[in-house]
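The values are calculated or read from the model by the stated rules, or taken from the named source; none is laboratory data. Fair warning: this is a prediction, and the values are worked out from it, not measured in the lab. Positions of Cβ are generated from backbone atoms using ideal geometry, with glycine treated the same way; all protein chains shown enter the neighbour counts. Just so you know, the surface numbers come from the protein's heavy atoms only, side chains and all, with ligands and any DNA or RNA stripped out. Shrake-Rupley method; radii C 1.70, N 1.55, O 1.52, S 1.80 Å.
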Amino acid sequence: MEKEGKSDADNRSTITVNVKFSGRSIPVEISDESTVKHLKSLLQPLTNVLSRGQKLIFKGKVLVDEMTLKSSEVVNGAKIMLMASQGLHQGDGPIRKEASNFPTSRRMPEAMRPKRDVPQVPVVKSQLERWKATGVVALSECNLKVLPDEVLTCGPSARVLDISHNAIQHLPAAINSLSSLQKLILNGNEIMDTSLSWEELASLKSLMVISLNQNHIATLPPEVGTLTSLRQLHIAHNELIGLPSEIGLLTSLEVLKVNNNRIRSIPESIGGCVSLIEVDLSSNLLVALPETISKLKDLKALYLRYNGLKSLPSSIFKQCCQLSTLDLHGTEITIDVICQIEGWENFDERRRSKHQKQLDFRVSSSGKFDEGADQS
């Protein structure tokens with residue numbers, strides 16, 4: 001005999017709700033049996049507002065996380081208003097209606113931008129002689145669109161090349177003629193994925209620092225793993241969506257700064273960067289970190305603010321025995337979560353010791369952890 005009544009699956013239906021946020025209407029398809037909390041999780045990548053920073057209002061009432069949309073009388077076509085708490089966001093901040101393709105936080109200051117109607121500053125003989133004598137080629141803010149040929153004549157004399165805050169779109173393959181180059185600074189230019197020949201950079205065996213902040217780089221090629229002499233890699237305020245697994249081949253890398261990008265995950269191979277001391281992953285779209293990050297025995301500072309993280313690798317405090325700075329501001333991680341991680345007490349002791357030695361510190365008078373983790 002057939003059973004009367006409908007199953008739970010039969011009673012469920014998919015509805016579309018329209019969430020109003022910052023001048024936008026965001027359509028979301030969801031089961032009416034889903035909780036408000038689940039709806040918030042769907043809205044997080046669409047708005048960059050962390051779930052705990054969202055307040056959803058329907059018909060003048062705040063929706064409760066544990067209740068279903070159906071029990072909250074939210075029906076197909078319902079209009080819900082989203083209010084965001086300040087500071088509780090991932091990436092570069094809440095996605096606004098008038099957001100540009102190049103977020104404001106990634107733009108260089110107006111005063112530093114090259115003036116289109118100003119001619120390129122010419123290279124004079126005295127400059128060339130000074131470059132060869134000091135080893136420092138300084139051409140920052142010179143309205144350059146290409147690298148001057150004179151720079152390449154410096155050959156092995158050049159140790160530092162600073163061409164930041166210009167309008168350079170391409171770095172020539174002949175850059176490999178600067179065979180003794182140790183620092184390459186390209187901040188604030190028009191560098192894109194195809195602008196660099198990473199194979200040629202890899203031929204610079206003395207190259208220890210590359211800084212590409214404030215450009216338009218979306219991906220790093222596998223060839224980045226061939227830069228085995230690299231000590232510092234700075235690619236903040238770009239358009240990166242991830243890191244290649246070959247990043248783990250950089251065993252001499254000590255500083256990695258990729259904050260203010262669109263990175264959604266970190267490769268497991270990060271554990272191969274055994275010399276890392278400082279890592280800045282702030283203002284990205286991370287929801288989890290690989291357990292292999294715990295293999296970074298020399299790690300002292302880890303910056304994770306403004307990501308959608310809810311937890312940390314289970315052995316991070318136990319294995320990262322040098323870690324003393326951990327920035328969790330604007331994440332979903334609570335103090336209850338981190339206190340339960342094995343090795344927390346030893347980390348907290350190192351953190352306190354470091355702060356006591358600094359004149360400008362951020363620890364409260366009670367000595368409690370104050371690096372951004374909520375109390376509940």
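Data table
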| quantity | calculated |
| --- | --- |
| Options 304, 326: the member that is open to solvent by less than 10 Å² (accessible area, probe 1.4 Å) and in contact with a His (Cβ under 9 Å, 6 or more places away or on another chain) | 304 |
| Of all residues making up the stretch 170-197, the number that are of a type in the set (S, T, N, Q), farther than 21 Å from residue 133 by Cα and at pLDDT below 95 | 3 |
| Answer residue from the stretch 234-292, given it is free of Cβ contacts under 8 Å to residues at least 24 places away in the same chain and of a type in the set (Val, Ile, Thr) and is farthest from residue 185 (Cα to Cα) among those | 287 |
| Residues satisfying the stated conditions in the stretch 234-259, i.e. out of contact with any Leu (no Cβ under 9 Å at 6 or more places or on another chain) and open to solvent by less than 20 Å² (accessible area, probe 1.4 Å) | 248 |
| Matching residues, the stretch 311-355, being part of a helix (DSSP H, G or I) and in contact with a helix residue (DSSP H, G or I) (Cβ under 8 Å, 6 or more places away or on another chain) | 316, 317, 318, 319, 338, 344, 346, 347 |
| Residue count for the stretch 52-81, restricted to those that are among the small types (Gly, Ala, Ser), open to solvent by 20 Å² or more (accessible area, probe 1.4 Å) and in contact (Cβ under 8 Å) with a residue 40 or more places away in the chain | 1 |
| Neighbours by Cβ (under 6 Å, 6+ apart or cross-chain): first from the stretch 29-41, more than 21 Å from residue 84 (Cβ to Cβ); second hydroxyl-bearing (Ser, Thr, Tyr) | 29/14; 29/16; 31/14; 32/13; 33/68 |
| Which numbered condition residue 273 misses (of (1) open to solvent by 20 Å² or more (accessible area, probe 1.4 Å); (2) of a type outside the set (A, V, I, L, M); (3) within 14 Å of residue 227 (Cα to Cα)) | (1) |
| Residue in the stretch 178-227 that is surrounded by the most Cβ atoms within 10 Å (Cβ to Cβ), counting only those that are hydroxyl-bearing (Ser, Thr, Tyr) and out of contact with any Asp or Glu (no Cβ under 8 Å at 6 or more places or on another chain) | 211 |
| Per-region count, the stretch 60-84, residues modelled with pLDDT under 90 and more than 25 Å from residue 333 (Cβ to Cβ) | 1 |
